[in-house]
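Below is one structure, written out as structure tokens, with a few remarks after it.
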Amino acid sequence: MSSNEGGDDVVIDVRHVSKKFGSLNAIEDITLQIKKSEVACIIGPSGSGKSTLLRCMNFLEEYDSGEIYISNQLLGYTKTAGGSLKRSSRKQVDQVRQRVGMVFQHFNLWPHRTALGNVTEALVRVKKMSRTEADRVGMEMLGVVGLLDKADVYPDKLSGGQKQRVAIARALALDPEVMLFDEPTSALDPELVGEVLSVMQKLAENEVTMVIVTHEMGFAAGVADEIIFMDKGKLVERGSVKEVLRSPENPRLQQFLSTWVNRNTMWTD
């Protein structure tokens, strides 16, 4: 079932979404919209609900209340005649989920497939492409992330940064309408972070719609159209880089940002 309330340029429309784990409110009454070609970075302390919100956007976590629309299609549920929500079939969920690419902290590559094989597997199985066409798209995507020379290499021979770039290529290959990144550099050695952020910077320059959970504040300041600050499961403040990072209004956000040294020199125009 679809709804046009969010507008044609809205890719992700989150409406009053909450999620509990037992008695813990992981996210509470979250409402936000992500528009086409927008880069939104979600920041906040550990345990603030950032990753849970991101996983709800791909229905890897089933949200308990509220609604999430992907390009005006309700994700995970179907509205009954009485207006209540009923869990969608797996097929319906997968149809909507195909619009969303996801990149995780820990790569999730298949160890028994080459870099190219990791990128092409879903193209063959999900998109039903021929192996020849899948290989063509796969090589194109490996080129986007700068790994054409690693096409025949298995994951155990790749660095952490290279593995993450293969994971990005795999997500891009399915031609999603939005890319979700869940702290994509947190599992990397510091010297490997830059190569992944460089690829993501290029995606931003090419107007790929992205939602990024990150602790890389300098990167967020450089690519984000909007910064979203979360704390204790709630959306506390959101706005432009200047509004949120330079002139924060909320005391909790001010406290969070005060832990980052030299922010006035780091976040320049």
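Computed from the coordinates by the stated procedures, all read-outs in this text should not be read as laboratory data. None of the values given here were measured: they were computed from a predicted structure. Here Cβ is always computed from backbone atoms with ideal geometry, including for glycine, and neighbour counts include all displayed protein chains.
How large is the dipole of the stretch 142-196 about the Cα centre if only Lys and Arg carry +1 and Asp and Glu carry -1, each at its Cβ, rounded to the nearest 20 debye?
Its charge dipole is roughly 140 debye.
Fully extending the segment from Asp156 to Arg246 would add 28.2 nm, taking 0.36 nm per residue of separation and subtracting the current Cα-Cα distance.
Amide H contacts for Tyr77 (H built 1.01 Å from N in the peptide plane; partners 5 or more residues away or on another chain; cut-off under 5 Å): Ser88. Entry for the stretch 8-141 at q = 0.10, 0.15, 0.16 Å⁻¹: log10 I(q)/I(0) = -0.42, -0.88, -0.97, Debye formula applied to identical alpha-carbon scatterers, no solvent contribution.
How large is the charge dipole for the chain, taken about the Cα centre, if only the Cβ atoms of Lys, Arg (+1) and Asp, Glu (-1) carry charge, to the nearest 20 debye?
860 debye
Can you tell me the order of 209-219, 63-73 when each peptide is scored by its average per-residue count of other Cβ atoms within 10 angstrom, highest first?
The packing order, highest mean first, is 209-219, 63-73.
Fully extending the segment from Arg90 to Lys232, taken as 0.36 nm per residue of separation minus the present Cα-Cα distance, adds 48.0 nm. Treating r as the C-beta distance of Ser198 and Asn25 and R0 as 35 Å, the FRET efficiency rounds to 0.45. I'm spelling it out carefully: the read-out is log10 I(q)/I(0) by the Debye sum over Cα atoms at q = 0.09, 0.15 Å⁻¹, the candidates are (i) -0.47, -1.25; (ii) -0.42, -1.15; (iii) -0.44, -1.01, and one was derived from this structure. Which label? Correct label is (ii). In this simple spin-label approximation, Ser65 and Lys79 carry label points 7 Å from Cα along the Cα→Cβ vector, and these lie 1.8 nm apart.
Shown here are the Rg and Dmax of the Cα trace of the stretch 108-175, at 10.5, 30 Å.
On a 24 Å Cα-Cα criterion, which of the cross-link pairs Lys19/Lys202; Lys19/Lys79; Lys20/Lys86; Lys86/Lys232; Lys20/Lys232 come out too long?
Numbers: Lys19/Lys202 33 Å; Lys19/Lys79 19 Å; Lys20/Lys86 18 Å; Lys86/Lys232 28 Å; Lys20/Lys232 12 Å.
Over 24 Å apart, Cα to Cα: Lys19/Lys202; Lys86/Lys232.
Under a model in which nothing but the beta-carbon of Lys, Arg (+1) and Asp, Glu (-1) is charged, the stretch 212-258 shows a dipole of about 160 debye around its Cα centre. The H on the amide N of Val236, modeled in the peptide plane, is under 5 Å from the matching H of Phe229, Met230, Asp231, each at least 5 residues off or on a different chain. For the chain, the relative contact order comes to 24 percent (Cα pairs under 8 Å, sequence separation of at least 6). Round to the nearest 0.05 the FRET efficiency obtained for Lys127 and Ala187 when R0 = 25 Å and r is the Cβ-Cβ distance. Between Lys127 and Ala187 the formula returns 0.35.
Set Lys and Arg Cβ to +1 and Asp and Glu Cβ to -1, take the dipole of the chain about its Cα centre, and tell me which of Phe229, Val241, Ala171 lies farthest positive. Of the options given, the answer is Ala171.
Between the alpha-carbon centres of the stretch 223-260 and the stretch 59-137 there is a gap of 30 Å.
Among Arg87, Arg165, Arg55, the largest mean-square fluctuation in a Gaussian network model of the chain, built with springs joining Cα atoms closer than 10 Å, belongs to Arg87.
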